[in-house]
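Below: one structure, written as structure tokens.
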Amino acid sequence: MRQATPDRWADLVQVFGRRGEDPSWCWCQRFLNTDTKTPGSAPDNRGALHREIAAASVPPGLLAYVDEHPAGWTRIVPRSILPAVMGNRALAKLLVDDPCAWWVSCFAVGQGYRRHGVGSALLGAAVDFAREHGATSVEGHPVDVEKLTAKRTGGSALFTGTRAMFTAAGFIEVGRTFPTRPVMRRLL
């Protein structure tokens, strides 16, 4: 695991695969933006993440490597800097007021590395990273795959992780915003 620093930008782009060249792809900006898109224009989410990493005193995420090849990414930051989490009414009913809570908002795992434990390794490293930076808890809003009604789920639908992955990492469910969407918390 390595911190997402400016010198690792090309590795992050590689993790995003074919989407890595599309500046309007999410690029883990979903929970940072509250609706800043100008009508008729595509957002430059890629540029926003690049600027964020370049300016960060504490990197906003981690990169996983397999045999020195970039394999995955996760965003782990203080919950308080994510307006779309802090302003979400459904989440507000379940979250405790904790200025030192951190949030795992997304995962991207390269196509050739899926189902090999990269996401789980990223989650474990994210907990350690948050702890090292003063977090009192780490939270996330994964998908409960067992409650989905679709016969097949694409990887992009699981970008927030899975409940099973969070449970295996020692997180407990504190409630749900939707039948398939638990809020998970791990006290540190």
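The values are calculated or read from the model by the stated rules, or taken from the named source; none is laboratory data. These numbers were taken from a predicted model, which means no experiment stands behind them. With ideal geometry, Cβ positions are generated from the backbone for all residues, glycine too; neighbour counts draw on all protein chains shown.
Some points to look at:
- Residue in the range 158-165 that is under 29 Å from Arg18 (Cβ atoms), touching a Pro at 6+ places or on another chain (Cβ under 9 Å) and aromatic (Phe, Trp, Tyr) present: no
- Residue in the range 65-72 that is part of a strand (DSSP E or B) and hydrophobic (A, V, I, L, M, F, W, C) present: yes
- The condition of being under 29 Å from Met184 (Cα atoms) and either surrounded by 13 or more Cβ atoms within 10 Å (Cβ to Cβ) or of a type in the set (A, V, I, L, M) (or both) holds for only one of Ser57, Ser80, that being Ser80.
- Filter result (in contact (Cβ under 8 Å) with a residue 60 or more places away in the chain and either on the phi > 0 side of the Ramachandran plot or not β-branched (Val, Ile, Thr) (or both)) within the range 126-167: Ala126, Phe129, His133, Glu139, Phe159
- Residue check, Gly170 in contact with a Lys or Arg (Cβ under 7 Å, 6 or more places away or on another chain), modelled with pLDDT of 95 or more and among the small types (Gly, Ala, Ser): yes
- Residue check, Ala55 under 22 Å from Phe166 (Cβ atoms), of a type outside the set (Ser, Thr, Tyr) and at pLDDT 90 or above: no
- Within the range 106-120, residues that are within 22 Å of Phe31 (Cα to Cα) have Cβ atoms under 7 Å from residues that are of a type in the set (Val, Ile, Thr) and surrounded by fewer than 13 Cβ atoms within 10 Å (Cβ to Cβ) in no pair, counting only partners at least 6 apart in sequence or on another chain.
- Criterion applied to Ala121, Ala71 was being over 23 Å from Phe171 (Cα atoms), buried (at least 17 other Cβ atoms within 10 Å of the Cβ), at pLDDT 95 or above and small (Gly, Ala, Ser), and the one residue passing it is Ala71.
- Answer residue from the range 138-151, given it is among the charged types (D, E, K, R) and outside any loop (DSSP other than H, G, I, E, B) and is modelled with the highest pLDDT among those: Glu139
- All positions within the range 156-169 that are surrounded by 14 or more Cβ atoms within 10 Å (Cβ to Cβ) and outside any strand (DSSP E or B): Leu158, Phe159, Thr160, Gly161, Arg163, Ala164, Met165, Phe166, Thr167, Ala169
- Residue pairs whose Cβ atoms lie under 9 Å apart, separated by 6 or more positions or on different chains, with the first residue in the range 14-29 and over 22 Å from Ala84 (Cα atoms) and the second of a type in the set (D, E, K, R), are Phe16/Asp22; Phe16/Arg46; Gly20/Arg46; Glu21/Arg46; Asp22/Arg46.
- Out of Ala130, Ala125, Ala135, sole residue that is among the small types (Gly, Ala, Ser) and either assigned to a loop (DSSP other than H, G, I, E, B) or touching a helix residue (DSSP H, G or I) at 6+ places or on another chain (Cβ under 7 Å) (or both): Ala135
- Take the conditions (1) exposed (fewer than 15 other Cβ atoms within 10 Å of the Cβ); (2) under 18 Å from Ser137 (Cα atoms); (3) more than 15 Å from the chain's Cα centre (by Cα); Gly17 misses just one of them, which is (2).
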